[in-house]
Amino acid sequence: MPIRLFDYFRSSASYRVRLALNLKGLEYTQIPIDLRLAEQSTPPYLKINPQGLVPALQIGTEIISQSLAIIEYLDEIYPTIPLLPKDPLQRAKIRSFAQIIACDIHPLNNLRVLNYLRDHLQMNEDQKHHYYHHWLKQGFDTLEEKLKQSTTKHTFCFGNTPCLADICLIPQIYNAQRFHFDLTPYPICLKISEHANKLEAVIKAYPKE
């Protein structure tokens, strides 16, 4: 069945789904939804995703929203090259790491929140950056410590192949660098990202307008 991804090139959540699709070697068609032009709020797109957010993934006639739900669905229906292990404990640890990013860091720093700070709370650029960096620091402090506590050192977050945790980490590092956040205190996170960004599947997912 044909796969269509409604996405925005700089959306972290869309970036995650591109990574998952590429790592699994799946062919898909990208349908750009330009958040700068508020295309996510137009009636045609709201019929696809009533929440008015990206990404949305269409496989055949079915449409799924929310990046982690999409990725886990892809992992279940295309189990070759798994992104989550079979072991329940390891799977829970990977989900926990991924959700620190997807549930605690990213929602505080996404475009609609930053626009609200500017348009409704009248924050200037310096204030917005201070806000953004505050939550990035709290998040990356936790991520780095979790990776330090790992008893086995791997190439990626939880093994020698990319998993859901890496899929969430890579876009978050991209965003942190785009907003000039100092990542030097997080060498493990950086090393994993730098290694991952050499993979063809990851290069192919990189945000390109």
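Loosely packed, with under 13 Cβ neighbours inside 10 Å, charged (D, E, K, R) and at pLDDT 95 or above: which single residue out of D141, D119 fits that description?
D141
Only helices (runs of 4 or more DSSP H) wholly contained in the stretch 95-154 count here; list those with 2 or more residues that are in the same structural domain as Q172 (by TED's automatic domain parsing) and within 16 Å of P187 (Cα to Cα).
The helices (runs of 4 or more DSSP H) meeting that bar are 125-149.
Looking at Q58, Q90 in this structure, which one is outside any helix (DSSP H, G or I) and over 19 Å from Q172 (Cβ atoms)?
Exactly one residue qualifies, and that residue is Q58.
Among the residues of the stretch 62-114, which ones are loosely packed, with under 14 Cβ neighbours inside 10 Å, under 18 Å from N160 (Cβ atoms) and polar (S, T, N, Q)?
T80
I need the full set of residues from the stretch 32-55 which are outside any loop (DSSP other than H, G, I, E, B) and of a type outside the set (S, T, N, Q), in order please.
Within the stretch 32-55, P32, L35, R36, L37, E39, P43, P44, Y45, L46, K47, I48 qualify.
Just checking, how many residues over the stretch 172-209 are within 13 Å of L147 (Cβ to Cβ), basic (K, R) and touching a Phe, Trp or Tyr at 6+ places or on another chain (Cβ under 8 Å)?
Of the residues in the stretch 172-209, 0 are within 13 Å of L147 (Cβ to Cβ), basic (K, R) and touching a Phe, Trp or Tyr at 6+ places or on another chain (Cβ under 8 Å).
For the structure I just gave you, tell me whether Q66 is modelled with pLDDT of 95 or more and at positive phi.
So Q66 fits the description; yes.
Could you count how many residues in the stretch 155-172 are touching an Asp or Glu at 6+ places or on another chain (Cβ under 9 Å) and either over 22 Å from L84 (Cα atoms) or in a helix (DSSP H, G or I) (or both)?
The qualifying residues number 1.
Please enumerate the residues belonging to the stretch 42-61 that are surrounded by 12 or more Cβ atoms within 10 Å (Cβ to Cβ) and either in contact (Cβ under 8 Å) with a residue 40 or more places away in the chain or of a type outside the set (V, I, T) (or both).
Y45, L46, I48, N49, G52, L53, V54, P55, A56, L57, Q58, I59
In the stretch 182-208, how many are over 17 Å from the mean Cα position of the chain (by Cα) and assigned to a loop (DSSP other than H, G, I, E, B)?
The total comes to 6.
Take I70 and decide whether it is β-branched (V, I, T) and within 21 Å of F9 (Cβ to Cβ).
yes
Within the stretch 71-86, how many residues turn out to be under 16 Å from the mean Cα position of the chain (by Cα) and part of a helix (DSSP H, G or I)?
5
The values are calculated or read from the model by the stated rules, or taken from the named source; none is laboratory data. Remember, predicted model here, so these are calculated numbers, not experimental data. A quick note on method: Cβ atoms are made from the backbone with ideal geometry, for glycine too, and the neighbour counts reach across all protein chains shown.
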